[in-house]
Structure formats: structure tokens, C-alpha cells
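**Q** Quick one: the structure is below, questions incoming.
The values are calculated or read from the model by the stated rules, or taken from the named source; none is laboratory data. Since the structure is predicted, the reported quantities are computational estimates derived from the model, not experimental observations. Positions of Cβ are generated from backbone atoms using ideal geometry, with glycine treated the same way; all protein chains shown enter the neighbour counts.
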Amino acid sequence: MKRRSFLQSLSSGALVTSLPVSAAARKPLRGVFPIAQTPFTDSDKVDFDALIKELQFVDRGGVHGLVWPQIASEWWTLTREERLAGIEALCSSGRKLKPAVVIGVQSPEVALAAEYARQAAKHGADAIISLPPPGQSDPKAILEYYQTIGKATGLPLIVQAVGSLSVDSVVDIAAAVPTIRAVKDEAGEPLMRIAPFREKTQGRLAIFTGNHGRTMIDEMMRGFAGTMPATPFADLYAAAWDLWHGGKKREAVDLFGRAAVLIQEVSAYGMESVKYLLCLRGVFTTYRVREKPAAGRGHLDETSRQVLREILDLMKPYLRA
């Protein structure tokens, strides 16, 4: 399908009606959808019980969805078996809970990405999301990758735009893959790209962002569909989102300002600090990571842990979970 046809079908509603009837019962893709961190035991095994507790934690916090596994989940360190088991665990538990469950399906091998997409559909995921194939810059190869994923299941598909993936490239991909419903835009400056996305898709492509939700207030003003931060204080983001959309914008700004303090801390100390906060909130039992610390990130020593403990303690009156 060419871009012109895509826009015509969007304006006519044809793409919406082409989804299976069961799609109407799926949970909405709107709001705060944190990227779940992957819990590891001291012996470096995925702790699936803690992964389920993470989903239960966001449910208690009134958070709108959960996404796993993506970059902040250390997806590239996970084996096929770990990902399949995690898909089943999250989707099975998610049926009884309010948050939408979105499964990350990216892989260097397109056949594996399609397999993850089918497993997500089999176990009842609400949607799937995929980064472009790692290391691939050829637009034709990227398009074919998303076409293969889109053909694997009728689940709504979210494109995670990173690197040099342009607005036009995403629009062209969406034109060729009818199940694409949203983009998580982390390529370029998302605040500056929402207008072109709306213009080129007639406003039918929902826009999410990441980057720890630093500009969430600005994003809500511009009408973004949601944000995908990390998990440990997602209840603060969700509370601010709900206040804003409930007409209490001053209260929303005040509450988000408290989350911004924690954003600065986890930005300084990286994934260890994110997982350590989940330990403090009773979700994880270790803050073990498989990824190598990013250059320039501080070490999570005892002083750093003390700072995080004290800041989180000050936040307690505002936490939902």
C-alpha cells in the first residue's frame, strides 16, 4: 500500500475496521506504559516471579500499561527461551489485571521476531512493539522486517523509531503494514516531529515517547498518546497523567516535578539505580544487571544507594503502590 492509499484508508477508517473483531476488546494504548526492567537472580537467571510482581506493582499503582522486553529491559541479553517464558508469564498474569501488556518482539533474525509476535498473540498480549532490526540501515530491509512481523499476527503493532529513522520512513512502513497503530518516537526530537506525523497520517498514528518521560507535561499539551519511562516510579507518572487529563493541570505539574527529581537520579546512575529502586519498593530482590554500564555513568556505591533511599522516602506520600 502506497502512502497516498494509506492516508485515504486512514481517513475512511478502513484500517481500523480491518482489524479482527477481538481487537475491540483490547485495552487502550494510551497513557503511561513503562518499559519493564528484567529481574535477574544472584545466579543470573531471569526471575519470572519478580517479573510478574512488576506487572502487579504497576497495576496497584494505577499505571496504564507495561512493555517488555525493550532497551531498558536489556532485551539483547535474553535468550529465546527466556523471552518465550516471559511472554507467557506476563500475558497470563495480565489477563486478570488492568494494565495493557505490550510485548517487545525485535530480533536480529526476522524469523525470531515473527515467532515472538505469534507467541504474544497466542498468550493474549494487547499489542506488540519492535525496534528496527539491529544494525540495519537499508530502508527496504527495515520495511520488509516490519511487514514480516505485521503478517505474523493481527495484534496492534508499535514501531519504535530510533537513530536516523525519519518521519517519512515510519509513515511509509505504516502504509505497508496495516496493523501499525502507534510509534514510540525516539529518533531526532519527538516534540518537533509530532506535527509532521499528524499531518502525514491524518492524526491516526498514536505517538508515544521515552527518554524517562522528561518532557511529559509538554507532551500532554501537544496531545501525545503516552510515554514509556522506566518502572520504579511509574505510579508518579500515571498519577500526574490522570490529574492532567482530569482537568487538574496545576496539581499534575506539581506531582510531575517530584518525579523529575528521581529522573535525574536514575539518569546519573543508570540501570542499577532503576533496579535498586524496584528493590526498595519491594518488587525485586536484587539489582543485578547484564548490560555493561554506559560510559560516564556513576557507580551505585553505598552513598548513592543512601541518596536513593532518602529521596524515595521523601516521595512516599505521593506514591500509589
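**Q** Whether any residue in the stretch 149-163 is modelled with pLDDT under 95 and either in a loop (DSSP other than H, G, I, E, B) or under 30 Å from residue 320 (Cα atoms) (or both) is what I want to check.
**A** yes
**Q** Taking the condition of being of a type in the set (D, E, K, R) and part of a helix (DSSP H, G or I), how many residues in the stretch 35-50 meet it?
**A** Matching residues across the stretch 35-50 total 1.
**Q** Determine whether residue 88 is out of contact with any Asp or Glu (no Cβ under 6 Å at 6 or more places or on another chain), surrounded by fewer than 21 Cβ atoms within 10 Å (Cβ to Cβ) and under 20 Å from residue 46 (Cβ atoms).
**A** yes
**Q** Pull up the stretch 77-97, narrow it to residues that are polar (S, T, N, Q) and assigned to a helix (DSSP H, G or I), then point me to the one that is nearest to residue 147 (Cα to Cα).
**A** 77
**Q** So residue 53 passes all but one of these: (1) crowded, with 23+ Cβ neighbours inside 10 Å; (2) part of a helix (DSSP H, G or I). Which condition number does it fail?
**A** (1)
**Q** Which pairs do you get when a residue that is among the polar types (S, T, N, Q), found in the stretch 105-127, comes within reach of a residue that is modelled with pLDDT of 95 or more and not in a helix (DSSP H, G or I), reach meaning Cβ atoms under 7 angstrom, with the pair 6+ apart or on two chains?
**A** 106/130; 106/131
Yes/no per residue for (1) surrounded by fewer than 20 Cβ atoms within 10 Å (Cβ to Cβ); (2) part of a helix (DSSP H, G or I):
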| residue | (1), (2) |
| --- | --- |
| 258 | yes, yes |
| 261 | yes, yes |
| 268 | yes, yes |
| 272 | no, yes |
| 278 | no, yes |
| 292 | yes, no |
| 300 | no, no |
| 313 | yes, yes |
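**Q** So, in the stretch 98-142, of the ones that are among the hydroxyl-bearing types (Ser, Thr, Tyr) and part of a loop (DSSP other than H, G, I, E, B), which residue ends up farthest from the chain's Cα centre (by Cα)?
**A** Restricting to residues being among the hydroxyl-bearing types (Ser, Thr, Tyr) and part of a loop (DSSP other than H, G, I, E, B), the top hit is 137.
**Q** Of all residues in the stretch 192-231 being under 19 Å from residue 35 (Cα atoms) and charged (D, E, K, R), which is surrounded by the most Cβ atoms within 10 Å (Cβ to Cβ)?
**A** 219
**Q** Which one of these does residue 286 not meet: (1) in contact with a Cys (Cβ under 9 Å, 6 or more places away or on another chain); (2) crowded, with 20+ Cβ neighbours inside 10 Å?
**A** Evaluating residue 286 over (1) in contact with a Cys (Cβ under 9 Å, 6 or more places away or on another chain); (2) crowded, with 20+ Cβ neighbours inside 10 Å leaves (2) as the failure.
**Q** Now for a different question. So in the stretch 215-241, with the set limited to residues that are among the aromatic types (Phe, Trp, Tyr) and out of contact with any Gly (no Cβ under 8 Å at 6 or more places or on another chain), which one is nearest to residue 159 (Cα to Cα)?
**A** 224
**Q** May I ask you to verify whether residue 146 is part of a helix (DSSP H, G or I) and over 19 Å from residue 68 (Cβ atoms)?
**A** In short, yes.
Results for (1) at pLDDT below 95; (2) of a type in the set (S, T, N, Q); (3) over 20 Å from residue 160 (Cβ atoms), shown as yes or no for each residue.
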| site | (1), (2), (3) |
| --- | --- |
| 180 | no, no, no |
| 202 | yes, yes, yes |
| 232 | no, no, yes |
| 245 | no, no, yes |
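**Q** Filtering the stretch 43-96 down to residues that are β-branched (Val, Ile, Thr) and farther than 15 Å from residue 234 by Cβ, which residue is nearest to the chain's Cα centre (by Cα)?
**A** Out of the qualifying residues, it is 71.
**Q** Can we say residue 58 is outside any helix (DSSP H, G or I), modelled with pLDDT of 95 or more and of a type in the set (Val, Ile, Thr)?
**A** no
**Q** Checking the conditions here, which among 273, 304 is in contact with an Asp or Glu (Cβ under 7 Å, 6 or more places away or on another chain), of a type in the set (Gly, Ala, Ser) and closer than 25 Å to residue 53 by Cβ?
**A** 273
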